[in-house]
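The structure appears below as structure tokens.
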Amino acid sequence: MSNTKKMIEVKKLNKYFGKLHVLKDVDLEVHESEVVCLIGASGSGKSTLLRCLNFLEMKQSGQISLEGKEIDVKQDDLNKIRTRTGMVFQHFNLFPHMTVMENVIEAPVYVKKLKKEEAVKLGKEYLEKVGMSDKVHVYPNTLSGGQQQRVAIARALAMKPKIMLFDEPTSGLDPELVGEVLGVMKELAEEGMTMVIVTHEMGFAREVADRVAFLDKGKIAEVGPPEQIFDQAKEERTKEFLSKVL
Amino acid sequence: MSFWELFTETLPGYYDAIFATIQITLLGIVIGVIIGLIFAFMKVSKYKILIFIADLYINIIRGTPLVVQIFVLYFGLVQFIDLGRFLSGGIALGVHNGAYIAEIFRGSIQSVDRGQSEAARSLGMNYTLSMRRIVLPQALRRAIPPLGNQFIIALKDSSLVAFIGFQELFNRAQRIQSSTGMAMESYVIVGIYYLVLVLILTFIVNRVERYLARSERGVKHE
């Protein structure tokens, strides 16, 4: 692992919401093609950490480096940086006034300035990948949650990001629809995508993650391979959390 | 002279007046929408000074009667610049409706889920692009019903420019009343004209609303 490229490096990250200290000196490294799952109770800061990586939340102190380059929030073009980190949200956040295809090609056309035909070709490719090529011209609100989330994944992938961030991608889904989304994510992991996933799906984390980080009260309490975290946790609070959710 | 005779005899003379009412209402609506958009953007911005200016404008305009605003713009301004009755009246209508339309737009922009702009930003869209492509189209759709309502109010309120002598529907009715002495008939007739115009406007707004609601449902046929 040490000889591969560091895609994400977080050092001493601190984040406050007003007076609330939500992330406390967080350190995290994610290497190329690595899948890291962030687990922890709600309010532990795992979603905030993920959103800081995409600068949807701004850190108060600490360093964030992406693809080996430290990001200066004031100097660097965050819009450009965000094109390299795809994000998938708990509530899908598809654009309701656009069809499935329009959702997927929106950013390639308007941000990357791709020609529409090229973007559509790209869109077809990624919609096929997530198994949604038969729903190209429908509007999102006619789709099930699982279908919407798969379109959202295709939309993020169409920007050809180097890193994919998932913020509880299956938490908003009916139980029977969780599998289809996790299936797509697993496939993505197998293709070597670098992924950071906030999840409550412990079975998925165990199966797909290279490393699992357990967050507690704004700190990374324990991080390691899934077997270690799930079977031989060193920290008492990790064991306590896992005993509640497993 | 009967009601019907008065109606048919004054009808040709009303053509210009109907046209004038439509014209000044349109001017007021166009100015109102432009002002409304500008002040709505100021109110959803993060700059306190812009929010303050927008609040000040909205409070002053909503806190004073339209007829006072019309008189200020016509009789008050005439010592500096003579805009004429049509422009004074139309601008007054626009400035007045702009305050209400600003609040309509602000509400509809803020009603669009934060996740929408977050998704847009996460795809690399800048603020302007995410506003233009993602937030505003959804906000405008939601603004149509209250906007239509405001346009109807603007149409009826345009009658107040009669008091600066602009020859529109209500002004026409007053003239007919004073020349015939038939007060009840004259004002009922002009009421009917307003009612018909409002019904036509309502019909148009409903059609636009239905048209916009049609997408977001089902399949897009290319």
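Data for the structure
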item	result
Some residue of the range A:121-135 being within 12 Å of another protein chain (Cβ to nearest Cβ) and farther than 19 Å from residue A:86 by Cβ	yes
Qualifying residue in the range A:234-246 (condition: more than 24 Å from residue A:88 (Cβ to Cβ), at pLDDT below 90 and in a loop (DSSP other than H, G, I, E, B))	yes
Some residue of the range A:216-230 being under 18 Å from residue A:90 (Cβ atoms) and either modelled with pLDDT under 95 or out of contact with any Gly (no Cβ under 8 Å at 6 or more places or on another chain) (or both)	no
Segments classed as helices (runs of 4 or more DSSP H), wholly inside the range A:43-121, with at least 2 members that are of a type in the set (Asp, Glu) and over 19 Å from residue B:114 (Cβ atoms)	none
Residues of the range B:74-108 that turn out to be farther than 18 Å from residue B:149 by Cα, hydrophobic (A, V, I, L, M, F, W, C) and assigned to a helix (DSSP H, G or I), as a count	7
Residue identified as in contact with a Phe, Trp or Tyr (Cβ under 6 Å, 6 or more places away or on another chain), in a helix (DSSP H, G or I), away from chain A (no Cβ under 14 Å) and among the aliphatic types (A, V, I, L, M) among B:176, B:189, B:204, B:152	B:189
Sole exception among (1) touching a residue at least 60 places away in the same chain (Cβ under 8 Å); (2) under 30 Å from residue A:238 (Cβ atoms); (3) of a type outside the set (Gly, Ala, Ser); (4) more than 8 Å from chain B (Cβ to nearest Cβ) for residue A:84, by number	(2)
Count of residues meeting criterion [farther than 21 Å from residue B:96 by Cβ and not basic (Lys, Arg)] in the range B:39-49	4
Residue under evaluation residue A:94, criteria (1) more than 9 Å from chain B (Cβ to nearest Cβ); (2) touching a Lys or Arg at 6+ places or on another chain (Cβ under 9 Å), criterion not met	(1)
Any chance residue A:74 is at pLDDT below 95 and either more than 7 Å from chain B (Cβ to nearest Cβ) or crowded, with 20+ Cβ neighbours inside 10 Å (or both)	yes
Breaking point among (1) within 14 Å of another protein chain (Cβ to nearest Cβ); (2) touching a Phe, Trp or Tyr at 6+ places or on another chain (Cβ under 9 Å); (3) closer than 27 Å to residue A:32 by Cβ, for residue A:52	(2)
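Residue-by-condition table, conditions (1) touching a residue at least 12 places away in the same chain (Cβ under 8 Å); (2) in a loop (DSSP other than H, G, I, E, B); (3) touching a Leu at 6+ places or on another chain (Cβ under 7 Å):
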| residue | (1), (2), (3) |
| --- | --- |
| A:150 | yes, no, no |
| A:153 | yes, no, no |
| A:159 | yes, yes, yes |
| A:173 | yes, yes, no |
| A:182 | yes, no, no |
| A:192 | yes, yes, no |
| A:196 | yes, no, yes |
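Yes or no, residue by residue, for (1) polar (S, T, N, Q); (2) without any contact (Cβ under 8 Å) to a residue 60 or more places away in the chain:
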{"residue": "B:1", "(1), (2)": "no, no"}
{"residue": "B:4", "(1), (2)": "no, yes"}
{"residue": "B:10", "(1), (2)": "yes, no"}
{"residue": "B:22", "(1), (2)": "no, no"}
{"residue": "B:34", "(1), (2)": "no, no"}
{"residue": "B:57", "(1), (2)": "no, yes"}
{"residue": "B:68", "(1), (2)": "no, yes"}
{"residue": "B:73", "(1), (2)": "no, yes"}
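The values are calculated or read from the model by the stated rules, or taken from the named source; none is laboratory data. Bear in mind the structure is a predicted one, so any value in this text is a computation, not a measurement. Cβ coordinates were reconstructed from backbone atoms using ideal geometry, including for glycine residues, and neighbour counts include every protein chain displayed.
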